[in-house]
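K.L.:
Supplied in structure tokens, the structure appears directly below.
The values are calculated or read from the model by the stated rules, or taken from the named source; none is laboratory data. Just so it is clear, the structure is predicted and the values come from calculations on it, not from any experiment. FYI the Cβ positions are ideal-geometry reconstructions off the backbone, even for glycines, and counts take in every protein chain you see. To get the accessible areas, we keep the full protein, side chains included, count just its heavy atoms, and leave off ligands, DNA and RNA. Shrake-Rupley method; radii C 1.70, N 1.55, O 1.52, S 1.80 Å.
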Amino acid sequence: MEKIDTTQIKNWPEGVVLAVSELKQDLSPDILSAEEKQEFDSFLNFKRKAEYLLARYLFRFLLNELGINPAEVELLKEEKGKPYAIYGDELINVSFTHSPELVLCAVSKEKRIGLDIESVDRVINKRVIKRILNEKEWKIIGQEDPLRLWTIKEAALKCAGTGLQTNLLNLNIYKKEKNRYSIRFNDDITYEICSFKQSGHQVALAYQSIIF
């Protein structure tokens, strides 16, 4: 497990920490809560079990990096599955993502976040891109890397926590500079996007500052 040096990622937002690990199959499920253990046991696929377990190891790893005792933190889910955590009376924002090779976890106490990753070797069919880009976006960013566009919209959905049934055409991407974008959801909510490459993968972080 490794904490990524985000100072090397252009336009990475302050207050968000990120960790990565290659997929492991030999981790003990003893760290899981009773509820997590029940969910873990419900998976029939061994790879899905490994991804789920490693994500929780990464989460606890980042908590330790932040000086927080994982035993004092409760990891929960919103109604549609978006993870978050409670530490005393504090909210900790969490996002997990994985590819066939890697698992990533992002944590923030300052921002609502959503994370997505895809291997750069993955080919996104043009017909798929037509289903996720609306007419306005085609005119502005139709020549962008399809994989980048895919991860941006997936990260925004995870940040919103509305579930993968959300119509991707309702999310409008706007390019600001080389790896910085924004995305507007239903002409109502705006998320900032940091898009970058890491270990042969395209990664997108969607974030929104929390207003107290």
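K.L.:
Choose one of 174, 204, 146: the residue whose Cα lies farthest towards the positive end of the charge dipole of the range 130-212 (beta-carbon charges +1 Lys, Arg; -1 Asp, Glu; about the Cα centre).
P.N.:
Projecting each Cα onto the dipole axis, the largest value belongs to 146.
K.L.:
With every protein chain kept in place and ligands, DNA and RNA left out, what is the accessible area per residue of the range 27-176? Probe 1.4 Å, answer in Å².
P.N.:
That works out to 52 Å² for each residue.
K.L.:
Still on this structure, I have one more. Rounded to whole Å, give me the distance from the Cα center of the range 1-66 to that of the range 108-151.
P.N.:
With the range 1-66 and the range 108-151 each reduced to a Cα centre, they are spaced 24 Å.
K.L.:
In what order, largest first, do 191, 174 sit by accessible area if the probe radius is 1.4 Å?
P.N.:
From most accessible down to least: 174, 191.
K.L.:
Another question, then. Just to be sure I understand the model, the point goes 7 Å from the Cα along the line to the Cβ. What's the resulting residue 91 to residue 139 distance in nm?
P.N.:
The answer from the label model is 3.6 nm.
K.L.:
Hey, another quick one. Evaluate the relative contact order of the chain (contact order divided by residue number), counting alpha-carbon pairs under 8 angstrom at least 6 apart; express in whole percent.
P.N.:
Relative CO of the chain lands at 19 percent.
K.L.:
Treat each spin label as a single point 7 Å out from the Cα along the C-beta direction, and report the residue 6 to residue 66 distance in nm.
P.N.:
1.0 nm
K.L.:
A follow-up question, please. Which links in 77/130; 47/136; 47/178; 153/178; 77/175 stretch past 28 Å when you go from one Cα to the other?
P.N.:
Cα-Cα > 28 Å for 77/130; 47/136; 47/178; 77/175; rest within.
K.L.:
Report ³J(HN,Hα) in whole Hz for each residue of the range 71-87, in order, from the Karplus equation J = 6.51 cos²θ - 1.76 cosθ + 1.60 where θ = phi - 60°; Gly and Pro get x.
P.N.:
5, 9, 10, 10, 8, 10, 9, 6, 3, 9, x, 5, x, 7, 9, 10, 10
K.L.:
Next question. Sorted by mean Cβ packing within 10 Å, highest first, what order do the peptides 129-135, 178-184 take? Kindly include the intermediate steps, with their values, before the conclusion.
P.N.:
Working: 129-135: 15.4, 178-184: 17.4.
Packing order, densest peptide first, comes out as 178-184, 129-135.
K.L.:
In the chain, what percent of the accessible surface is made up of carbon and sulfur (1.4 Å probe, ligands and nucleic acids excluded)?
P.N.:
Carbon and sulfur together cover 49 percent of it.
K.L.:
Normalised by the residues of the range 93-156, what does the relative contact order come to in percent, with Cα pairs under 8 Å and at least six apart?
P.N.:
Working: 65 pairs, mean separation 19.7, N = 64.
In percent, rounded to a whole number, it is 31.
K.L.:
Separate question: Tell me which residues come under 5 Å, amide H to amide H, from residue 76 once H is placed; ignore anything under 5 positions away on its chain.
P.N.:
When sequence neighbours closer than 5 places are left aside, the close amide H contacts are 84, 85, 86.
K.L.:
Using the Karplus equation 6.51 cos²θ - 1.76 cosθ + 1.60 (θ = phi - 60°), what ³J(HN,Hα) coupling, rounded to whole Hz, does each residue of the range 3-8 give in order, writing x for Gly and Pro?
P.N.:
Once rounded to whole Hz, the list reads 7, 7, 6, 6, 5, 8.
K.L.:
Here is a follow-up. In the range 1-128, with Lys and Arg counted as +1 and Asp and Glu as -1 at Cβ, which of these residues, 103, 86, 71, has the Cα nearest the positive end of the dipole, that is, farthest along it?
P.N.:
103
K.L.:
On to the next question. Placing +1 at every Lys and Arg Cβ and -1 at every Asp and Glu Cβ, with all other atoms neutral, what dipole size does the chain have around its Cα centre, in debye to the nearest 20?
P.N.:
In debye, rounded to 20, the chain gives about 1020.
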